[in-house]
1. For the range 115-132, how many residues are under 25 Å from residue 25 (Cα atoms), in contact with a helix residue (DSSP H, G or I) (Cβ under 6 Å, 6 or more places away or on another chain) and part of a loop (DSSP other than H, G, I, E, B)?
2. For residue 38, state whether it is away from the ligand (no atom under 11 Å from the Cβ), under 12 Å from the mean Cα position of the chain (by Cα) and farther than 14 Å from residue 6 by Cβ.
3. For the condition surrounded by fewer than 18 Cβ atoms within 10 Å (Cβ to Cβ), in contact (Cβ under 8 Å) with a residue 24 or more places away in the chain and closer than 14 Å to residue 135 by Cβ, what is the one hit in 46, 98, 41?
4. Can you tell me which of (1) in a helix (DSSP H, G or I); (2) within 12 Å of the ligand (Cβ to nearest atom); (3) farther than 23 Å from residue 1 by Cα is the one residue 86 doesn't meet?
5. Going by the structure shown, is residue 33 in contact (Cβ under 8 Å) with a residue 24 or more places away in the chain and away from the ligand (no atom under 16 Å from the Cβ)?
6. For the range 89-114, which positions are in a helix (DSSP H, G or I) and within 13 Å of the ligand (Cβ to nearest atom)?
7. Quick check on my filter: what residues within the range 65-75 are more than 13 Å from the ligand (Cβ to nearest atom) and surrounded by 15 or more Cβ atoms within 10 Å (Cβ to Cβ)?
Ligand code: DQA
């Protein structure tokens, strides 16, 4: 199965930013964990991170053209206000899982709203980096 993993702004700073909230594992560890899992299970995986809204949107549009069958997205702070990312996600009929490392519902009020979740198949929240693996299991039917 062809899967795209998208990470939005500041997720490249995992292991550096707010370790009490996001943990000590860095972005490279996340990428390695997902690549290894995909390899073991025989899936084709592309992992992309951008601090720019347009970069995320371009990748979602590319997924429409290149036969991607599932999208795992942690839009970072774009989750809470980016109608442009929401519209891009809403434009493609590919199964999509939104992932948040932290439990956004326990945090500041502005994090309780996701403008992107309503156009996703479902959401994994607050389970750390494991959330990405669980999202992959869902998409692959494992
Ligand atoms: C996050 C939660 C967002 O509120 C925040 O802006 C992030 C990371 C998470 O994975 O918990 O950048 O999406």
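1. 1
2. It is false that residue 38 is away from the ligand (no atom under 11 Å from the Cβ), under 12 Å from the mean Cα position of the chain (by Cα) and farther than 14 Å from residue 6 by Cβ.
3. 41 is the lone residue from the list that is surrounded by fewer than 18 Cβ atoms within 10 Å (Cβ to Cβ), in contact (Cβ under 8 Å) with a residue 24 or more places away in the chain and closer than 14 Å to residue 135 by Cβ.
4. Every condition holds for residue 86 apart from (2).
5. In short, no.
6. Answer for the range 89-114, where residues must be in a helix (DSSP H, G or I) and within 13 Å of the ligand (Cβ to nearest atom): 104, 105, 106, 109, 110, 111, 112.
7. Matches in the range 65-75: 68, 69, 70, 71.
Yes/no per residue for (1) over 16 Å from the mean Cα position of the chain (by Cα); (2) farther than 16 Å from residue 139 by Cβ; (3) modelled with pLDDT of 95 or more; (4) within 12 Å of the ligand (Cβ to nearest atom):
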{"position": "43", "(1), (2), (3), (4)": "yes, no, yes, no"}
{"position": "47", "(1), (2), (3), (4)": "no, no, yes, no"}
{"position": "63", "(1), (2), (3), (4)": "no, no, yes, no"}
{"position": "77", "(1), (2), (3), (4)": "no, yes, yes, yes"}
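The values are calculated or read from the model by the stated rules, or taken from the named source; none is laboratory data. Note that the structure is a prediction, hence the values are computed from the model and not measured. Note: ideal-geometry Cβ built from the backbone for every residue, glycine included; neighbour counts use all protein chains shown.
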